[in-house]
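Everything on this sheet refers to the single structure shown next.
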Amino acid sequence: MKTFSEKTKEAREALRLNQQQLGELVGVSKRSIAAYETTDTKPRGNVARKLAAALQVSVDYLLNDEITDPKYGIEKAPYIEEARDRLGNKAAKEMNGLLDQNLALFAGGELDQEAKDAFFEAVMKAYLKCKDEARNTYSPKKKGE
């Protein structure tokens, strides 16, 4: 098992970036990158997502010491980000959970990327539709409506 620090340094070196260059890609200082690589310091939220994107790995891989595949869950990222953009961080966590839970349906079999994308898209549409309907049904009505 590799730690966040080890994964960060290894991925940076594989891309032949120095700490300064990675910091510029992520929008943090060289000092922050050095801290990520040498201490137990982990970035939060948006910085973690930017770091993973710059390193071309998934956030799940970076932040979870038990995950060994750098691309683990990377195909979920666009759907999680869409949920975050449209409905916030709570929705992004819910979308991540939904996608993880539903992937168990395919345990033991392999799906090609096109099938995964179609599945993720369907889950996303259903989730957003339910959220919109709940908002319309349960949001307080303004006077005059």
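Using θ = phi - 60° and the Karplus form 6.51 cos²θ - 1.76 cosθ + 1.60, what ³J(HN,Hα) does each residue of the range 86-93 get, whole Hz, x for Gly and Pro?
Values per residue, Gly and Pro as x: 7, 10, x, 5, 4, 5, 4, 5 Hz.
From the cross-link list LYS2/LYS125; LYS42/LYS71; LYS7/LYS125; LYS50/LYS129; LYS7/LYS116; LYS7/LYS129, which pairs have alpha carbons spaced over 31 Å apart?
On the way: LYS2/LYS125 36 Å; LYS42/LYS71 19 Å; LYS7/LYS125 33 Å; LYS50/LYS129 28 Å; LYS7/LYS116 26 Å; LYS7/LYS129 37 Å.
Those over the limit are LYS2/LYS125; LYS7/LYS125; LYS7/LYS129.
If ligands, DNA and RNA are left out, what is the accessible area of LEU25 with a 1.4 Å probe, given in Å² to the nearest 10?
Approximately 110 Å² of LEU25 is accessible to the 1.4 Å probe.
Projecting each Cα onto the charge dipole of the chain (Lys/Arg +1, Asp/Glu -1 at the beta carbon, about the Cα centre), which of ASN96, ALA118, PRO140 comes out farthest on the positive side?
PRO140
Tell me, what % of the accessible area of the chain is carbon and sulfur with a 1.4 angstrom probe? Numbers along the way, then the final one.
Numbers: 4810 of 9550 Å².
Carbon and sulfur together cover 50 percent of it.
The range 35-123: which trypsin sites (Lys or Arg not before Pro) are DSSP loop and have at most 10 other beta-carbon atoms within 10 angstrom? Mind dumping the intermediate values first?
Numbers: sites: ARG44, ARG49, LYS50, LYS71, LYS76, ARG84, ARG86, LYS90, LYS93, LYS116; in loops: ARG44, LYS71.
When the trypsin sites (Lys or Arg not before Pro) of the range 35-123 are filtered for loop state and at most 10 Cβ neighbours within 10 Å, ARG44 remain.
Suppose each label sits 7 Å from its Cα in the direction of the beta carbon; what would the SER29-LYS2 distance come out to in nanometres?
Here the answer is 2.7 nm between the modelled labels.
The values are calculated or read from the model by the stated rules, or taken from the named source; none is laboratory data. Quantities reported herein were computed from a predicted structural model and do not represent experimental measurements. Cβ sites come from the backbone with ideal geometry, for glycine too, and all protein chains shown count toward neighbours. Ligands, DNA and RNA are stripped out before the accessible areas are found, and what is left, the full protein with its side chains, is counted by its heavy atoms. Shrake-Rupley method; radii C 1.70, N 1.55, O 1.52, S 1.80 Å.
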